[in-house]
Structures are given as structure tokens and as C-alpha cells.
Amino acid sequence: MQEFKSEQLNTVNNAVAMAEELVSNAYKMSENQWLRRRYDVSTLAELDAEEVVDGPFAQVIRFSGRLKGTSLGSSAYDYYKICLQDHSILAALHDTPGMRLFPLVLYITTHELIHIVRFSKFLQSFDATPEETLVEEKRVHAKTRKILDPVSVSGLNNVLEFYGKWHEPIEGIRAS
Ligand SMILES: [Zn+2]
């Protein structure tokens, strides 16, 4: 399967950093409130076999943890791994005229971080029904667009246009 080359990885890292800033600003989260150490973003080279999927641009895996020495639910914490699927992203770049890596990864990561913020604020249930999942997906696409609309990034219009007609999930979400 095709992986990002080192130059592409730089582009991906920059897009992820911009998405983090945009989403934390949109939810008015301070540096301390931000979900640092609550998630990480990995690319294909770092994924285990079961973290690789065919089709979606990303797979979000939730790890449920509990702090040692406590039994109360309030000390339970979740950790999310955003597994970017290089091969699917590269295939979309190849197949879609005008699609570029930076704005596409910016869209995908912004979208996944919104899911994670909403999980962490209990605005989205991890055990949603398929109907609820579709409604939530529409909501997250709309929020992604709202955050990215005012942003000036070369090629972003093409990505927004692509997703303007798209309301289906762009990722798999599952528990570990
Ligand atoms: Zn989604």
C-alpha cells in the first residue's frame, strides 16, 4: 500500500497543526483545556495491520482507560487514535482533479478532531445507532465547513466543493 513520502509527511504535519489550532479556537478551548495527550494522529507507516482499512480516509479508535487506584467513573478517560489511511488519501488525490494534499488533510483532521471534541464533551455518544451516526456525521460536516469557510488555503475550495455534496461518514470509528 502506498505511504506518504517524507515531503508529503511534512505537509500532513502542517495540516494537522493548523486543524488543531482551528478546532481549539472554534470551541474556545484554552491550551490547558485542549485534548493534548488525549489523542494522536498516525499515518500508515505507524499503523498495525488491524488499524488499516480500505475505503475511508481515516479510522478513529477509542481506547478507554481508568486512572490507577480509583474506581469512580469520573476518573475514566478516553484516548483516541486518528489513523490516517495514506493509500486512500493518495488515491483520492490521484482521482479527483484539483484535489491537493494540504487542504484535504486539513479537512479530514479538522473533521476528526470535531468528532473527538464532541465525544469528550458528551455531545456525541460512542454507542449511537446507525441513524444517529448519520445525523451526527451531517452535523460534523457542517461544523467542519463552518470552521474552514473563512480560512484562506490554496485548493481548499475544491475540497469544500467535494464535501458539499457528501454527508456520509468519511471514517470508521470503533473502540479498541
Ligand atoms: Zn465523521
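So what is the 222 nm mean residue ellipticity for the chain from helices alone, if each DSSP H run of at least 4 adds -39500 (n - 2.57) and you divide by all residues, rounding to the nearest 500 deg cm²/dmol? Could the numbers behind the result be given before it?
Details: 5 runs with 79 residues, N = 176.
Helix contribution divided over all residues of the chain: -15000 deg cm²/dmol.
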Next on the checklist: If the reach is capped at under 22 angstrom between alpha carbons, list the lysines near LYS121, excluding any in the same chain fewer than eight residues apart.
Outcome noted: LYS28, LYS81, LYS138, LYS143, LYS146
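In the neighborhood of SER120, defined by Cβ-to-Cβ distances under 10 Å, what is the net charge if each Lys or Arg adds +1 and each Asp or Glu adds -1? Present the calculation step by step, with values, prior to reporting the outcome.
On the way: positive: ARG38, ARG118, LYS121; negative: ASP78.
After counting each charged neighbour, the total is +2.
Given the alpha-carbon gyration tensor of the range 6-175, what are the semi-axes of its equivalent ellipsoid in whole angstrom, ordered largest first, with each equal to the square root of 5 times an eigenvalue?
Values: eigenvalues 135, 63, 55 Å².
Calculated on Cα positions only, the semi-axes equal 26, 18, 17 Å.
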Item to check | Cα centroid separation - the range 18-43 against the range 102-176, whole Å | outcome: 15
Checklist outcome for this item: When HIS87, HIS94, HIS141 are arranged by how many other beta-carbons sit within 10 Å of their Cβ, fewest first, they go HIS94, HIS87, HIS141
Next on the checklist: Can you give the FRET efficiency to the nearest 0.05 for ASP54 and ASN13, using r as the Cβ-Cβ distance and R₀ = 22 Å?
Outcome noted: 0.35
Checklist entry - Among the aspartates and glutamates, which fall within straight-line cross-link reach of LYS165, defined as a Cα-Cα distance under 14 Å, with same-chain neighbours fewer than 8 residues apart omitted? => result GLU137
Checklist outcome for this item: If MET29, MET1 are placed from fewest to most neighbouring beta carbons inside 10 Å, the sequence is MET1, MET29
Checklist entry - So which residue, out of ASN14, ASN157, ASN32, gets the largest mean-square fluctuation from a GNM of the chain using Cα contacts under 10 Å as springs? => result ASN32
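Just so you know, all these numbers are worked out from the coordinates, no wet-lab data involved. Not measured: the values here are computed from a predicted model. Note: ideal-geometry Cβ built from the backbone for every residue, glycine included; neighbour counts use all protein chains shown.
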